[in-house]
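Have a look at the structure below, then the notes.
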Amino acid sequence: MEMDLMGWIIFIAVSILVGALIGFIAGKIMKTETSIGRNILFGILGSAVGNFIGGFIGGMIGWEFGWLLNIIFQIGGACLLIAISSAFKK
């Protein structure tokens, strides 16, 4: 199934909003004071990392995760990226 232009625009807008929320939550968990742009970036990239890790673990043990566990993995992925970024900053 192909997405038309409006579908892609909505997909990108929702990805940015969800990424911002994931990044905000991860920033609060990791107690970092960063810009909203960095939170969005870490949220989007962290969501991808978390989905990859969750899919890998789920594939290994034969589970398919629900949306709540996916969000937890996404926040964990963003926290991981924040921790790596903080380690390189010092």
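The values are calculated or read from the model by the stated rules, or taken from the named source; none is laboratory data. No experiment lies behind these values; they were computed from the predicted model shown. Cβ coordinates were reconstructed from backbone atoms using ideal geometry, including for glycine residues, and neighbour counts include every protein chain displayed.
So is Gly7 surrounded by 11 or more Cβ atoms within 10 Å (Cβ to Cβ) and under 20 Å from Phe73 (Cα atoms) or not?
On the way: surrounded by 11 or more Cβ atoms within 10 Å (Cβ to Cβ): yes; under 20 Å from Phe73 (Cα atoms): no.
For Gly7, the condition - surrounded by 11 or more Cβ atoms within 10 Å (Cβ to Cβ) and under 20 Å from Phe73 (Cα atoms) - is not met.
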Exercise for the section: Show the residue pairs that are 6+ apart or on different chains and have beta-carbon atoms under 6 Å apart, the first residue being within segment 10-24 and surrounded by 15 or more Cβ atoms within 10 Å (Cβ to Cβ), the second being of a type in the set (A, V, I, L, M, F, W, C) and part of a helix (DSSP H, G or I). Expected result: Gly19/Ile40; Gly19/Ile44; Ala20/Ile40; Ile22/Ile75; Ile22/Ala78; Gly23/Ile40; Gly23/Phe42; Gly23/Ala78
Exercise for the section: Might you check whether a residue that is modelled with pLDDT of 85 or more, surrounded by 13 or more Cβ atoms within 10 Å (Cβ to Cβ), touching a helix residue (DSSP H, G or I) at 6+ places or on another chain (Cβ under 8 Å) and of a type in the set (S, T, N, Q) occurs anywhere in segment 47-61? Expected result: yes
